[in-house]
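Structure record follows, encoded as structure tokens.
The values are calculated or read from the model by the stated rules, or taken from the named source; none is laboratory data. Given the structure is predicted, the values throughout are model-derived calculations rather than measurements. Virtual Cβ from ideal backbone geometry, glycine too; neighbours counted across all protein chains shown.
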Amino acid sequence: MNEKKVKRPNIFIMLFTLIPFAAKVTPYIFTASIITHILSGVFIGVVTMTQQRFFDRVTGFSINDSTLGDVLTALLIMGLSYIINQVLDGVANLIQPILIQKVNGKLLYNVHTKTSRLDPIDMEDTKKLDDINKAIQGKDNAVLFIYTTIKVLAMYIPYFIFMGWYLFRLKPLLVGAIVLVFIPIAATQLVRAKVHTNAEDKAAPVRREYEYYESCITGREYYKETRLLGGFQFFKKMYIDALHVLQELQWKATIKSNNIELGMRMLTVTGYFGILWMLFDLLMKQEISLGAFAAVFTSIRTLYNLMENMILRNLATMAKDYGTIQNYINFINLEERKGIINEVPDWGDIELHHVNFTYPGADKEAVKDASFTLKKGETIAIVGENGSGKSTLIRLLTGLYRPSTGTVKVNGVDTRELTNHALFENTSAVFQKYQRYQMTLEDNITISRYSVEHDDDELDLICEMAGTDKDNRTFKDGYKTMLSREFDGVDLSGGQWQRVAIARGFFRNHNFIVLDEPTAAIDPYEETKIYNRFAEISRNKSAVIVTHRLGSVKLADRIIVMKDAKIEEIGTHEELLKKGKEYTRLYKAQQQWYKDKINPC
């Protein structure tokens, strides 16, 4: 299947998207910035006019054509224009970081909000992961784009219009010469934008690679294993190789765009000296006054500095970052996971009808033609070898993933029609790859209901079910113990962390709960105790257990056996053993683990 080409927003879409956004985020600061920049641009031009007036009065005084009072008045007016210009510049510099900080925070918030609204299956799509990486990169550049646009439109443009009017009054030819220099330089930035946009498209996946390798080298999660198994040099090489590729892409784009810029600078210098010669010629022909010559001669460098700053710095930076900003806007406009029903009236059966599912970019189906019903209040266990489709099946059951074909219905409603709120409001889960939040024990357990009052008695009950004891000497401050050495707390063993994760899943209000192999680091005896407690709290609730260990699946009402992405068998423990098929084979392979029955506690 050919991938649909993403349409990139042009400069006008970017302007009409980001500028109103900034105005909405902080209207007063935005308005103050606009007004300040406009006045600043105008007063730079006013300084030139007051300089001409002062030089003309000094020249007149030297030939007895004006009085000393005229000279002092002109000097005072010129001084005031300088002061006002400096005050405006200072105010603009004061407002700038406030505006940037507020807009930057909102843009980042939008990235995270958008990510939360994407379909969870997008996290399995490398193209979408690249889009997220590009969006985060583009977010920072979008902030600069907004401020640079304000500066260009509100300060530089008014200044050039003012100076254009002023120079036109002196000699229309002066305006024409400046325009001739301005147009080709501005046009060059379109080429720069194209060069860096293409480079960014190639750089995003490479940048994601080297960031991952960097985390493998320095990240706390990988640190011990990387050092212990001697993987440091391997990841270092992968990191350096990816970094070299990224640098080469950036280097080629920079060289190409800088060569273009060099040519434009030469054109700028030629135009600059051309206008100086034109001024000298006009003075010799007495077509302009000596004061006008001095004022324009003094300000011409300012004019070209501002033009160079606007085009070769501000616009060039915008051109360089153009591609990443397009990526940000495209990401924000990505299709979100939607639903029309925001609440399930009553949590009932979950039905799967001929469900098939394939991961993005995969050739093989992860689940094939799955059909069964998880009845309200029923506990089922899903077993099978690695890669048989167990975890994918529960993601379809919970609504995290939507089937490629077929339907999954909750109380008769297709999960495609349910919002995330409706799907997850009454669902809890404990996954094998649980999170180790660097927070207190209490916060780790209660994050699902952080705003609701709870007491230690409730936590004690939950922790007892999960096999966690706050009075254990590990938890020196009880529930207030910080679970992170990085924040002057303690670290836990793998088994202790798993119990905390299980307590977190139990604590959440739910009608449907999933345990996806959460007890891998816990011995079979403790696992049996936890599952029996789990059976108690799951009474009258729908529940799913996914496990490799078959010794604990007897508590389930039914067992689903997965093989090669298909549901191979469904039945009770006794029924499946009588069939003597896949479940029997798996059970006998593990029989030595639990041939001596463990008395449940």
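Of all residues in the range 460-482, those that are closer than 21 Å to A535 by Cβ, of a type in the set (A, V, I, L, M, F, W, C) and touching a helix residue (DSSP H, G or I) at 6+ places or on another chain (Cβ under 7 Å) total 4. Consider L80 carefully, then state whether it is at pLDDT 85 or above and within 16 Å of the chain's Cα centre (by Cα). No.
Does the range 421-429 contain any residue that is at negative phi and part of a loop (DSSP other than H, G, I, E, B)? Yes, the conditions are met somewhere in the range 421-429.
Answer yes or no as to whether V111 is surrounded by 13 or more Cβ atoms within 10 Å (Cβ to Cβ), farther than 30 Å from E417 by Cβ and of a type outside the set (K, R). Reasoning before the result, please.
Details: surrounded by 13 or more Cβ atoms within 10 Å (Cβ to Cβ): yes; farther than 30 Å from E417 by Cβ: no; of a type outside the set (K, R): yes.
When the stated conditions are applied, V111 does not pass them.
Which one is modelled with the lowest pLDDT, of the residues in the range 490-507 that are assigned to a loop (DSSP other than H, G, I, E, B) and surrounded by fewer than 19 Cβ atoms within 10 Å (Cβ to Cβ)?
First, the residues of the range 490-507 that are assigned to a loop (DSSP other than H, G, I, E, B): 490-493.
Right, trim to surrounded by fewer than 19 Cβ atoms within 10 Å (Cβ to Cβ) and you get 490-491, 493.
On the way: V490: 88, D491: 84, S493: 81.
Of everything passing the filter in the range 490-507, S493 is modelled with the lowest pLDDT.
The residue pairs whose first member lies in the range 98-117 and is within 20 Å of E335 (Cβ to Cβ) and in contact (Cβ under 8 Å) with a residue 40 or more places away in the chain, whose second member is surrounded by fewer than 16 Cβ atoms within 10 Å (Cβ to Cβ) and not polar (S, T, N, Q), and whose beta carbons are closer than 6 Å, counting only pairs six or more residues apart or on different chains, are R117/E336.
Do we have A135 as part of a helix (DSSP H, G or I), buried (at least 16 other Cβ atoms within 10 Å of the Cβ) and within 39 Å of the chain's Cα centre (by Cα) here?
Details: part of a helix (DSSP H, G or I): yes; buried (at least 16 other Cβ atoms within 10 Å of the Cβ): yes; within 39 Å of the chain's Cα centre (by Cα): yes.
Yes.
Residue-level analysis places K224 outside the set of residues that are loosely packed, with under 15 Cβ neighbours inside 10 Å and modelled with pLDDT of 80 or more.
Scan the range 436-454 for residues that are of a type in the set (D, E) and either in contact with a helix residue (DSSP H, G or I) (Cβ under 6 Å, 6 or more places away or on another chain) or exposed (fewer than 14 other Cβ atoms within 10 Å of the Cβ) (or both) and jot them down.
To start, the set of residues in the range 436-454 that are of a type in the set (D, E) comprises 442-443, 453.
Scanning the range 436-454 gives E442, E453.
Residues in the range 180-187 include none that are aliphatic (A, V, I, L, M), buried (at least 19 other Cβ atoms within 10 Å of the Cβ), modelled with pLDDT of 80 or more and part of a helix (DSSP H, G or I). Of the listed requirements (1) aliphatic (A, V, I, L, M); (2) out of contact with any Leu (no Cβ under 9 Å at 6 or more places or on another chain); (3) loosely packed, with under 15 Cβ neighbours inside 10 Å, M123 misses just one: (2).
Confirm whether L459 is modelled with pLDDT of 80 or more, assigned to a helix (DSSP H, G or I) and assigned by TED's automatic domain parsing to the domain that holds I560. Walk me through it before giving the result.
Working: modelled with pLDDT of 80 or more: yes; assigned to a helix (DSSP H, G or I): yes; assigned by TED's automatic domain parsing to the domain that holds I560: yes.
Here the answer is yes, as L459 does meet what is asked.
Criterion applied to K24, K102, K128 was being in the same structural domain as L290 (by TED's automatic domain parsing), among the basic types (K, R) and over 30 Å from L306 (Cβ atoms), and the one residue passing it is K128.
Within the range 236-254, the set of residues being farther than 13 Å from E214 by Cβ, in contact (Cβ under 8 Å) with a residue 40 or more places away in the chain and not charged (D, E, K, R) comprises L249, Q250, A253. Using the structure shown, decide if D89 is among the acidic types (D, E), without any contact (Cβ under 8 Å) to a residue 40 or more places away in the chain and either surrounded by fewer than 20 Cβ atoms within 10 Å (Cβ to Cβ) or over 20 Å from Y147 (Cβ atoms) (or both). Criteria not met by D89.
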